[in-house]
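The values are calculated or read from the model by the stated rules, or taken from the named source; none is laboratory data. Fair warning: this is a prediction, and the values are worked out from it, not measured in the lab. We place every Cβ from the backbone using ideal geometry, glycine too, and count neighbours over all the protein chains shown. The protein model used for the area step is the full one, side chains on, heavy atoms only, and it has no ligands, DNA or RNA in it. Shrake-Rupley method; radii C 1.70, N 1.55, O 1.52, S 1.80 Å.
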Amino acid sequence: MAERFLDIPVDPVDSEGALAAVRLAVGGQRRPLLVIAINPEKVMKAQRDAELRDFIEQAGLRIADGVGIVLASRLRGGAVRSRVTGVDLMLLLIEEAAAQGWRIYLLGAREEVNEAAAAELQRRYPQLVIAGRRDGYFAPEQGEEVAAAIARVNADILFVALGSPAQERFLLAWGDRTGTKVRMGVGGSFDVLAGRVPRAPAPMRRAGLEWLYRLYREPWRLRRMLVLPVFLVRTYLHRPDRARA
Ligand code: UDP
């Protein structure tokens, strides 16, 4: 059962649990799966954005991206125990795709970034089948055509890196048309893969301090990160048990 943060659901799964859900969807034992990574910023944004809320409600798997959600859950004795970041889950799915022969599609980012991300994945996983890829700079009217092209190459897993809210809009409107079994919005992950945005050193990542590294690299993120304390206080005060009382 999902745990709600300011009424936004997050599924208490670790990366193994997330992978298990994806296996069922790719195997056809459950309906196509929409995956979204939820962080405090998204929870706060969803408070005033009905479209985003709708998208989150429709997603079959909502992973806890970042320490904020885990911390909030701990503070109130909730069930979300581990963080599964979007980039980590994407890499885990790609590793599994390479091992199982699942076909992936990479949609989004600038053409050179998309191409470099695909090349990097192919270098890391020589057996990986990249069924197709294309950049993310197309007009909304081209959505159906883009989705039809994805359907033609029989991709199993679709990674969409168009940024928000474009990737959510594309997936809501055309996700089914792509014929894919698993669909996941991955934001700026292709830029990370292409080496355009370095990730934090491993020890920092393990300590849950990736946000600190990003702040150091991109100080303008401070404004966005300031939602964290607000989020923690509000979720603590708005515990579901209190809401029922
Ligand atoms: N992007 C795209 N098409 C667009 C606008 C953006 O493919 O029309 C890509 C952009 O190149 C980047 C990715 O979307 O690779 C994510 O951008 P950003 O990190 O700004 O999005 P966020 O996840 O923070 O919303």
Exercise. Accessible area per residue of the stretch 2-49 at 1.4 Å probe, in Å²?
Worked result: 43 Å²
Seminar exercise, completed: Diffusion coefficient in µm²/s returned for the stretch 1-98 by Stokes-Einstein, Kirkwood Rh over C-alpha pairs, 4 °C and 1.567 mPa s, is 95 µm²/s
Problem set entry | Pairs of Cα atoms farther than 18 Å apart, the stretch 50-101, % | 51 percent
Seminar exercise, completed: Hits in the stretch 8-42: amide N under 14 Å from the 7 Å Cα→Cβ extension of Gln58, namely 32-36
Seminar exercise, completed: What helix-only [θ] at 222 nm does the chain give? Using -39500 (n - 2.57) per DSSP H run of at least 4, over all residues, to the nearest 500, the answer is -14500 deg cm²/dmol
Exercise. Under a 1.4 Å probe, what is the accessible area of the stretch 167-209 per residue, stated in Å²?
Worked result: 46 Å²
Exercise. What's the extension gain from Arg23 to Tyr137 if we count 0.36 nm per residue and subtract their Cα-Cα distance?
Worked result: 38.0 nm
Problem set entry | Where N is the number of residues in the chain, Cα Rg divided by 2.2 N^0.38 Å | 0.99
Exercise. Cα centroids of the stretch 16-53 and the stretch 136-195: how far apart, whole angstrom?
Worked result: 15 Å
Exercise. Dipole of the chain, Cα-centred, from +1 at each Lys and Arg C-beta and -1 at each Asp and Glu C-beta, to the nearest 20 debye?
Worked result: 800 debye
Problem set entry | Sparse-neighbour loop sites [trypsin sites (Lys or Arg not before Pro); the stretch 59-123; at most 15 other C-beta within 10 Å; DSSP] | Arg81, Arg110
Exercise. Round to a whole number: what % of the accessible area of the chain belongs to carbon and sulfur, probe 1.4 Å?
Worked result: 52 percent
Seminar exercise, completed: Given the candidates Phe55, Ala200, Ala118, the one whose Cα lies deepest towards the positive end of the charge dipole of the chain, counting +1 at each Lys or Arg C-beta and -1 at each Asp or Glu C-beta, is Ala200
Exercise. Quick one, what does Rg over Rh come out to for the stretch 82-129 if you take C-alpha atoms and the Kirkwood Rh?
Worked result: 0.99
Exercise. To one decimal place, what Kirkwood hydrodynamic radius in Å is obtained for the stretch 128-245 from all pairs of distinct Cα atoms?
Worked result: 17.3 Å
Exercise. Looking only at the stretch 28-61, which residues have a backbone nitrogen under 16 Å from a spot 7 Å from the Cα of Ala173 in the C-beta direction?
Worked result: 51-52, 55
